[in-house]
Amino acid sequence: MAESVTRKGHLFVFSGPSGTGKGTVLAELLSRDPALWFSVSVTTRPARAGEVEGRDYHFVSQDEYDRLAGNDGLLEGARVFGCSYGTPRAPIDAHVSDGVDCILDIDVQGALQVKGRMPEAVLIFLEPPSIEELRRRLQERGTESAEEIERRLAGAADEMSHASVYNHILVNVQIDETVAAIQEIIAAYHSKE
Ligand code: 5GP
C-alpha cells in the first residue's frame, strides 16, 4: 500500500529591531493564521510584566539554558542585550515533519545560525520606518530605561546592517499592511509546492 507523503512544514524566521512592532505584527499574524505555530524560545531574561511562561517565553536559569544548549537541544542560540535566548529544537523538528508551518521571532545572529542549519528557512526582516521613529516607539512603550533604549537603538542599527541576508525585507509603516504582506509571502511559498 502506498504511504501518503506529508509535505514538510515551512520554517519562517522573523527578525527586526526591538520596538519595530514585531510583537504586535506577530500577534496579529498568529490570530489571522491559526495554522501557523509560534516557536516559544527559552530565555534567561526575567519576565516582563504581563508576560506568561510558556506563551511568550520559557523563562529559565542560566544553568538550565546551558544544559539545554550542551545537549544539542537548541536549533540556535545567542546572547542578546546581556541575556541568553534560544530556540528549542525538538518542537521545531516535530512540527516541520508533521507539515506544520513554524514561525520564529529571533535576532539576526540566530537567524544566520538557522539559515546555516536549515537553508530552506525563509528569513523575513521587519524594519522601522527610521531610527528616529524607533526611538519614539521605544520611548512610548516605556518598558526600557533611557540607557536601555540607547543600547537597543545601537543594536537596531547593527541588526539593520545585516538585513540583506534576509529573503524578504518589510518596512513596518502600518501594522495591517505588514501582516497582509507576510501572509502573501507565506501563501507564495505554499503555491510553489
Ligand atoms: P525581548 O527581550 O525584547 O523579548 O527580545 C530581544 C531580542 O531577542 C528580540 O530581537 C528577539 O527577536 C530576540 N529573541 C527572542 N527569542 C530569541 C531566540 O530564541 N533566539 C535568538 N537568537 N533571539 C531571540
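Could you give the angle, 0 to 90 degrees to the nearest 10, between helix 108-117's Cα long axis and the longest principal axis of the Cα atoms of the chain?
Helix 108-117 and the main axis of the chain meet at about 20 degrees.
Near the amide H of Y57, under 5 Å away, which other amide H atoms are found, from residues 5 or more places off or on another chain, if H is placed in the peptide plane?
Residues meeting the criterion, in which the H sits 1.01 Å from N, are V52.
Could you work out the relative contact order of the chain, using alpha carbon pairs under 8 angstrom and six or more residues apart, expressed as a whole percent?
That works out to 32 percent.
Could you state the angle between the C-alpha long axis of helix 131-141 and the longest principal axis of the C-alpha atoms of the chain, as a value from 0 to 90 degrees rounded to the nearest 10?
Relative to the chain, helix 131-141 is tipped by roughly 90 degrees.
Distances over 29 Å make up what percent of all Cα-Cα pairs in the chain?
21
So what J values fall out for region 93-99 if you push phi through Karplus, 6.51 cos²θ - 1.76 cosθ + 1.60 with θ = phi - 60°, rounded to Hz, Gly and Pro as x?
Using θ = phi - 60°, the values come out as 4, 5, 5, 4, 6, 7, x Hz.
Provide the gained length on full extension for the span R45 to A94, in nm with one decimal, where the gain is 0.36 nm per separating residue minus the Cα-Cα distance.
15.0 nm is the gain from fully extending R45 to A94.
Under 19 Å from the 7 Å Cα→Cβ point of Q139, by amide nitrogen: which residues of region 3-35?
In region 3-35, the label zone of Q139 (backbone N under 19 Å from the point 7 Å along Cα→Cβ) covers 18-21.
Bear in mind that the values in this text are calculations on the coordinates, not laboratory data. Bear in mind that the values here come from a model prediction, so they are computed numbers and not experimental data. Please note: Cβ atoms are built from the backbone with ideal geometry, for glycine as well, and neighbour counts cover all protein chains shown.
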